[in-house]
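Asker: Below you will find the structure I want to go over with you.
The values are calculated or read from the model by the stated rules, or taken from the named source; none is laboratory data. Keep in mind that what you see is a predicted model, and the values were worked out from it rather than measured. Neighbour counts are summed over all protein chains in view; Cβ atoms, including those assigned to glycine, are modelled from backbone coordinates with ideal geometry.
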Amino acid sequence: MASYDVIIIGAGPGGYVCAIRCAQLGLKTACVEGRETLGGTCLNVGCIPSKALLHASHQLHESQHNFEKMGLKGAAPKVDWTQMLAYKDEVIAQNTKGIEFLFKKNKIDWIKGWATIPEPGLVQVGDETHKAKNIVIATGSEPATLPGIEIDEKIIVSSTGALSLPKIPKKLVVIGAGVIGLELGSVYARLGTQVTVLEYLDQITPGLDAEIARSFRSILKKQGLEIITGAAVQSAEALKTKAKVTYRLRKDDSEHQLDADVVLVATGRKPFTQGLGLDALGVALTQHGQIATDGQYKTSVSGLYAIGDAIEGPMLAHKAEDEGMAVAEILAGQKGHVNYGVIPGVIYTAPEVAAVGATEESLKEAGRAYKVGKFSFMGNGRAKAMFAADGFVKILADAETDRILGAHILGPNAGDLIHEICVAMEFGASAEDLARTCHAHPTCSEAVREAALACGDGAIHS
Ligand code: NAD
């Protein structure tokens, strides 16, 4: 029986990062993964493949809408879907092989197969049982469908099926205007699909700053996405080659139907913990079915830890990664820590949306006095040169101390721009600190500085 300091179950961003950090800190480490390749949902059927398709479809959009304006003439490229999927698969392969290389480099044993935990301190994979001083569950999440809707990954698909459709659908109905629905919905809209998004709530992207969400919605509308809010989906039925979706408008309870070639169910995800044997072990769960942990990722069973999508908090790869590093440090006797107040969220559409910290709504609810500094990308020379001046930066700062409480960006490279604000927040910076930091010209990041200036005496270019 092989014996380890730590066995991590799951090799997604939470698990593989945890394994690498454990090994770096001198712990004898193994990671169990049942997929053919490492990297979990993120690398295989999530973040990475969707970014490949977002990139390719964005290039197509640029060629169709902006090339001529720049004096780049000639026939617009045609879509070779098979080749686009092959490119996406190649990007996946490069990334998953990269993790395999890192496992070898760090002398981490990859135990191939699906794990169960027969008793504390033991992990069983197939016929083999392995001993571990500590076990970390990093098994991630799976799509949560709606009652009565069965995902067949052909006509009614989750994000997994949507990343490998055999052909580009003519009509796509997306259920849920959250991150997955809008990212993949905009991919297909750019590829020529007629996309209708049905959202239960009155606002898209719940949790996002409402002002950003409104502007984002109007940009998506201009890009051709039809978004119907206040629409409670009743059913989605796969017929032979098509699907029929029935929904009720909440405002008047009227019933409507839509035909589609493909229906994407993007109504959230749920922890993936089946088969681990948690019930028999008596592992406590939260009321939402996540594994309950204390502030140090300990479950209710001694020597058993859990991180990532399987526990509470935003279901984000980078949140899982940070928890993976923190738990590794805790197991190595250090003080692992994650600052949950500064976890950025990004929606990888074009333009991107990025957010960190408080929204205006959450500050109002908390009765906190705050000020707002905003700056439109219309006043940013670099964004204009890129035909990307739609959107704005919004910084929220404490009315009295000027400390940055949150930031929201809708615009070019928002997912990169947000990080200077994350760093500023980690250091407890004021908006003035950001405003007094020299920003290179011409960059989109000048819009962040201008928004910080707008929290004080005013932006220069607005
Ligand atoms: P989500 O929670 O972001 O959005 C689900 C949406 O579906 C919500 O707007 C919800 O109101 C709506 N909805 C629920 N029931 C409905 C119904 N009956 N009819 C109509 N609408 C309904 O979930 P998601 O987009 O599926 O993503 C799942 C998880 O994966 C999220 O936690 C997300 O953060 C994560 N993810 C993140 C990224 C990223 O960071 N870029 C990308 C993909 C996924």
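Asker: Anything in the stretch 390-401 that is crowded, with 19+ Cβ neighbours inside 10 Å and not in a strand (DSSP E or B)? List them, or say none.
Answerer: Those that are crowded, with 19+ Cβ neighbours inside 10 Å and not in a strand (DSSP E or B): Asp390, Gly391.
Asker: Touching a residue at least 40 places away in the same chain (Cβ under 8 Å) and touching a Lys or Arg at 6+ places or on another chain (Cβ under 9 Å): which single residue out of Ser164, Ser215 fits that description? Let's see the steps before the verdict.
Answerer: Numbers: Ser215 fails: touching a Lys or Arg at 6+ places or on another chain (Cβ under 9 Å).
It is Ser164.
Asker: Here's another thing I want to ask about it. Testing Thr286 on (1) away from the ligand (no atom under 16 Å from the Cβ); (2) over 20 Å from the mean Cα position of the chain (by Cα), one condition comes back false. Which one is that?
Answerer: (1)
Asker: For the stretch 203-217, enumerate the residues that are in a loop (DSSP other than H, G, I, E, B) and either under 17 Å from Leu264 (Cβ atoms) or away from the ligand (no atom under 13 Å from the Cβ) (or both). Walk me through how you get there before you give the answer.
Answerer: As a first pass, look at the stretch 203-217 and keep what is in a loop (DSSP other than H, G, I, E, B): 203-209.
Hits for the stretch 203-217 are Ile204, Thr205, Asp209.
Asker: Here is a follow-up. When you check Glu183 against the structure, is it under 22 Å from the mean Cα position of the chain (by Cα) and assigned by TED's automatic domain parsing to the domain that holds Gly40, yes or no? Working first, answer last.
Answerer: On the way: under 22 Å from the mean Cα position of the chain (by Cα): yes; assigned by TED's automatic domain parsing to the domain that holds Gly40: no.
Considered against the rule, which asks whether it is under 22 Å from the mean Cα position of the chain (by Cα) and assigned by TED's automatic domain parsing to the domain that holds Gly40, Glu183 comes out as no.
Asker: Keeping to the stretch 423-440, report how many residues are over 12 Å from Ala397 (Cβ atoms) and either in contact (Cβ under 8 Å) with a residue 40 or more places away in the chain or assigned to a helix (DSSP H, G or I) (or both).
Answerer: 2
Asker: Find the residue count for the stretch 170-202, including only residues that are in a loop (DSSP other than H, G, I, E, B), over 17 Å from Thr349 (Cα atoms) and within 8 Å of the ligand (Cβ to nearest atom). Full working, then the answer.
Answerer: Of the residues in the stretch 170-202, the ones in a loop (DSSP other than H, G, I, E, B) are 170, 176-178, 191-193, 200-202.
Those still in the list that are over 17 Å from Thr349 (Cα atoms) too: 170, 200-202.
Add one more test, that the residue is within 8 Å of the ligand (Cβ to nearest atom), and what stays is 200-201.
Total satisfying the criteria: 2.
Asker: Also, quick follow-up: Since Glu33 meets every condition but one in (1) acidic (Asp, Glu); (2) closer than 30 Å to Lys384 by Cα; (3) buried (at least 16 other Cβ atoms within 10 Å of the Cβ), which condition does it not meet?
Answerer: Of the numbered conditions (1) acidic (Asp, Glu); (2) closer than 30 Å to Lys384 by Cα; (3) buried (at least 16 other Cβ atoms within 10 Å of the Cβ), the odd one out for Glu33 is (2).
Asker: From the set of residues in the stretch 92-141 that are of a type in the set (S, T, N, Q) and touching a strand residue (DSSP E or B) at 6+ places or on another chain (Cβ under 9 Å), which is surrounded by the most Cβ atoms within 10 Å (Cβ to Cβ)? Steps first, please.
Answerer: First pass over the stretch 92-141, keeping only residues of a type in the set (S, T, N, Q): 94-96, 106, 116, 124, 129, 134, 139, 141.
Checking which are touching a strand residue (DSSP E or B) at 6+ places or on another chain (Cβ under 9 Å) leaves us with 106, 116, 124, 129, 134, 139, 141.
Details: Asn106: 14, Thr116: 18, Gln124: 17, Thr129: 14, Asn134: 22, Thr139: 31, Ser141: 21.
Within the stretch 92-141, the match that is surrounded by the most Cβ atoms within 10 Å (Cβ to Cβ) is Thr139.
Asker: Something else about it: Considering only the stretch 371-378, I want to know if a residue exists there that is in the same structural domain as Ala397 (by TED's automatic domain parsing) and part of a helix (DSSP H, G or I). Give the steps one after another, and end with the answer.
Answerer: Going through the stretch 371-378, the residues in the same structural domain as Ala397 (by TED's automatic domain parsing) turn out to be 371-378.
Narrowing further to those that are part of a helix (DSSP H, G or I): 377-378.
So far as the stretch 371-378 goes, yes, one or more of its residues are in the same structural domain as Ala397 (by TED's automatic domain parsing) and part of a helix (DSSP H, G or I).
Asker: Now for a separate question. Grab the strands (runs of 3 or more DSSP E) fully contained in the stretch 303-366, keeping just those with 1 or more residues being among the hydroxyl-bearing types (Ser, Thr, Tyr) and in the same structural domain as Ile117 (by TED's automatic domain parsing). It would help to see each step written out before you state the result.
Answerer: On the way: elements: 304-306, 345-347, 352-357.
Qualifying strands (runs of 3 or more DSSP E): 304-306.
Asker: Any idea which of (1) assigned to a loop (DSSP other than H, G, I, E, B); (2) away from the ligand (no atom under 12 Å from the Cβ) is the one His256 doesn't satisfy?
Answerer: (1)
Asker: With Ala236, Ala260, Ala280 as the choices, which residue is at pLDDT 95 or above and more than 19 Å from Ile151 (Cα to Cα)? First the steps, then the outcome.
Answerer: Numbers: Ala236 fails: more than 19 Å from Ile151 (Cα to Cα); Ala260 fails: more than 19 Å from Ile151 (Cα to Cα).
Only one candidate passes the filter, namely Ala280.
Asker: Right, next: Val265 fails exactly one of the following numbered conditions: (1) within 14 Å of the ligand (Cβ to nearest atom); (2) more than 24 Å from Val157 (Cβ to Cβ); (3) under 20 Å from the mean Cα position of the chain (by Cα). What is the number of that condition?
Answerer: (2)
Asker: I would also like to ask the following. Among the residues of the stretch 36-46, which ones are within 13 Å of the ligand (Cβ to nearest atom) and surrounded by fewer than 22 Cβ atoms within 10 Å (Cβ to Cβ)?
Answerer: Val45
Asker: To continue, here is another question. Which condition number in (1) farther than 28 Å from Thr82 by Cβ; (2) in contact with a Gly (Cβ under 7 Å, 6 or more places away or on another chain); (3) within 14 Å of the ligand (Cβ to nearest atom) is the one that Asn134 fails?
Answerer: That leaves (3) as the condition not met.
Asker: Would you call Lys371 surrounded by fewer than 18 Cβ atoms within 10 Å (Cβ to Cβ) and of a type in the set (D, E, K, R)? Steps first, please.
Answerer: On the way: surrounded by fewer than 18 Cβ atoms within 10 Å (Cβ to Cβ): yes; of a type in the set (D, E, K, R): yes.
When the stated conditions are applied, Lys371 passes them.
Here is a yes/no grid of residues against (1) touching a residue at least 12 places away in the same chain (Cβ under 8 Å); (2) within 16 Å of the ligand (Cβ to nearest atom); (3) touching a helix residue (DSSP H, G or I) at 6+ places or on another chain (Cβ under 7 Å):
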site: Tyr348; (1), (2), (3): yes, yes, yes
site: Ala354; (1), (2), (3): yes, yes, yes
site: Leu363; (1), (2), (3): yes, no, no
site: Gly373; (1), (2), (3): yes, no, yes
site: Ala385; (1), (2), (3): yes, no, no
site: Ala389; (1), (2), (3): yes, no, yes
site: Lys394; (1), (2), (3): yes, no, yes
site: Arg403; (1), (2), (3): yes, no, no
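Asker: Quick one: how many residues across the stretch 90-115 are touching a helix residue (DSSP H, G or I) at 6+ places or on another chain (Cβ under 9 Å) and in contact (Cβ under 8 Å) with a residue 40 or more places away in the chain?
Answerer: 12
Asker: Test Ser235 against the stated conditions and say whether it is within 14 Å of the ligand (Cβ to nearest atom), closer than 28 Å to Glu321 by Cα and either not in a loop (DSSP other than H, G, I, E, B) or not assigned by TED's automatic domain parsing to the domain that holds Leu258 (or both).
Answerer: Values: within 14 Å of the ligand (Cβ to nearest atom): yes; closer than 28 Å to Glu321 by Cα: no; either not in a loop (DSSP other than H, G, I, E, B) or not assigned by TED's automatic domain parsing to the domain that holds Leu258 (or both): yes.
So Ser235 fails the test.
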